[in-house]
Amino acid sequence: MHRACMLLFTSLTLLFTVSLVLLGSIAEPARSQRHGIVVAVSPPGADVGCGILQKGGNAVDAAVAMAFAMAVTYPAAGNIGGGGFMLIYPAGGKPEPVVIDYREKAPLAAHKTMYTKRDSRYSAKAVGVPGTVRGLALAHARFGTLPWKDLVMPAVKLAEEGFVIDAPLAHSLNWVVADSPEFPELRRVFGKSNGAAWKAGDRLVQKDLAQTLRLIAEQGPNGFYQGTVAELLAAEMKRGGGLITLKDLAAYEAKIRRPIHGTYRGYDVYAPPPPSSGGTCLIEMLNVLENFDLRSQGRFSPETLHLMIETMRRAYCDRARYLGDADFVKVPAFLTDKGYARKLAQSIDRNKATRSEDLAKDIPLKGEGDSTTHFSILDGDGMAVANTYTLEHSYGSRIVVKGAGFVLNNEMMDFNWFPGETTREGGIGTEPNQIAPGKRMLSSQTPTIVTKNGQVVLITGSPGSRTIINTVLCMIVNTIDFDMDLQAAVDAPRLHHAWFPDTVRFEGICEYPEAVRRLEAMGHSIHGTRQGDAHSIGLDRKTGKYIGAADHRIDGKVAEF
Ligand code: GLU
């Protein structure tokens, strides 16, 4: 057996066994929708969202309530101390769909060369100014129908009274407590009070977080960005040598942006614009693939896989060359142009892998964590929300704000830390994503909505750092080119190439040994690793009903009524 295949097989078997033994359950299968449907990694979070829909709230109300609830029930990535992107597609596409950009920002005292090789990714200096609370407030102000307080209080209750944890959360908490010896506040907040290990059925209570959330419920976003909570956050920064001040917090603004819109074989695709690279790269890749008849070649044929890999390679090279916060750098419009994609398609040799370094001779060459979470919502009127938010790494910087009970992100890692250092290992040092005061770091988060004639057909997104965009690409190709039903599209093996490192990650390395052999003969180097979790909602072509699918790679829940 191929060595990488054996490794993947062993780790997948282990993961699966651990899932069955420790987790007790795996992701639920697809179900059909009646009035409203939400899909998320956290079962109690999904229940909060579904409850809001049942009360008559719309998809945005549900998204706001779920995002706050998951800051309590999924602390590895659910957050109020991080940021993200929310794509909102009003029923029928009217008014225009929008993206709420609540990406974190560099503090005002940040500068291009502020990091040395010795700086830790788990430190106060790695924290960006959080955007989540302003972002959720902006989404609510624009589209919400229920009172703000009603949307925050379910989270207050979960934190105040506690909630029963399941096996995956027990496992996650035990892991982070053991892995964070130098973070006493995190160990206090997420450790069991008697020092024992958590197990399924235990109750996690978070009193300080409840107090913070109550202030937000009562005062709106100012309860976070001003007053007690802001002072506690600024004090935490001072203690740890971080840069965020009261001024940074007061100045943070979430933004409404126009999504990147493209078409793919007659479908409309919407995804976030910069400061996420997600929408631009996704549309660029779809435009390239539209030049080929993938369907007749089969989904996991070496021909299809090769074309997808070569497409990814080219788009990720453009990502490094051109993309950054468009409030600071000029992002060329041609990247999402069909004519430009045609030229890229023509540059692909059908029988041979391109060497990544041959694509960008202008970028001098010298030598991303995974915790984010995505949820999808569709309400009974047809309004859809795709939301991805993150702390960057699992439990972010590991810094819990003393007295306020929430985890801070380490999103500054998403900037190009070392100007000029673009490496074969995947370090990027190009200009557009270098640090500047008040600038947003480039993201790969890609909450995406696909429609046909105005009707939503797919809501998707994923965690997974740079792999996110390729996970979404696989979801779209599976659904549109290969007519897979939603659960099959979620389950199918995923593929990733990011220009550098010049290697392919392919989940199907064991299932498709012949294709892997042929790809290696073309000059690709292939490894097998798990990729993302895409909690999605889709329109079932056969029944005409919406169904939800949680991702078996992690736990998850489809909640509907
Ligand atoms: N911080 C990353 C981004 O915004 C996401 C991290 C992850 O998913 O692992 O692209």
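A short reminder: the numbers here are calculations on the coordinates, not readings from a lab. Note that the structure is predicted; figures quoted are calculated from it, not measured. So basically every Cβ, Gly included, is an ideal-geometry build from the backbone, and we count neighbours across all protein chains shown.
General remarks:
- Fewest-first ranking of C510, C474, C281, C317, using other Cβ atoms within 10 Å as the exposure measure: C510, C317, C474, C281
- Built amide H within the under 5 Å cut-off of D202, gap 5+: I165
- Fraction of C-alpha pairs exceeding 15 angstrom in the stretch 475-543: 59 percent, rounded to a whole number.
- Counting every C-alpha pair in the stretch 270-363, the share spaced more than 16 angstrom apart comes to 56%.
- Shape index of the stretch 171-286: Rg/Rh, with Rg the Cα radius of gyration and Rh the Kirkwood radius from the inverse mean 1/r over Cα pairs, equals 1.12.
- J(HN,Hα) series, the stretch 236-253, from Karplus relation 6.51 cos²θ - 1.76 cosθ + 1.60, nearest Hz, glycine and proline x: 4, 5, 4, 4, x, x, x, 9, 6, 10, 4, 5, 4, 5, 5, 8, 5, 10
- Amide H contacts for K105 (H built 1.01 Å from N in the peptide plane; partners 5 or more residues away or on another chain; cut-off under 5 Å): V129.
- Derived scalar couplings ³J(HN,Hα) [the stretch 443-455; Karplus, 6.51 cos²θ - 1.76 cosθ + 1.60; whole Hz; x for Gly, Pro]: 10, 10, 4, 9, x, 10, 10, 10, 10, 9, 6, x, 9
- By the equivalent-ellipsoid construction on the alpha carbon gyration tensor, the chain comes out with semi-axes of 34, 27, 24 Å, ordered largest to smallest.
- Taking θ as phi - 60° and the Karplus parameters 6.51, -1.76 and 1.60, the scalar couplings of the stretch 317-323 work out to 5, 4, 4, 5, 6, 10, 9 Hz in sequence order, x denoting glycine and proline.
- Whole-number Å³ per residue for the convex hull built on Cα positions in the stretch 323-457: 200 Å³
- Translational diffusion of the stretch 369-526, µm² s⁻¹ [Kirkwood Rh, Cα pairs; Stokes-Einstein; 37 °C; 0.692 mPa s]: 181 µm²/s
- The chain, helix-only ellipticity at 222 nm - DSSP H runs n ≥ 4, -39,500 (n - 2.57), divided by all residues, nearest 500: -10500 deg cm²/dmol
- Candidate lysines - alpha carbon under 30 Å from K352, same-chain residues fewer than 8 apart omitted: K338, K343, K361, K366
- Counting every alpha-carbon pair across the stretch 186-247, the share separated by more than 15 Å comes to 62%.
- The Rg/Rh ratio of the stretch 40-113, with Rg taken over Cα atoms and Rh as the Kirkwood radius over Cα pairs, comes to 1.08.
- Taking the Cα centre of the chain as origin and assigning +1 to Lys and Arg Cβ atoms and -1 to Asp and Glu Cβ atoms, the resulting dipole is close to 580 debye.
- Considering only the chain, percent of DSSP beta bridges that pair antiparallel, nearest 5: 90 percent
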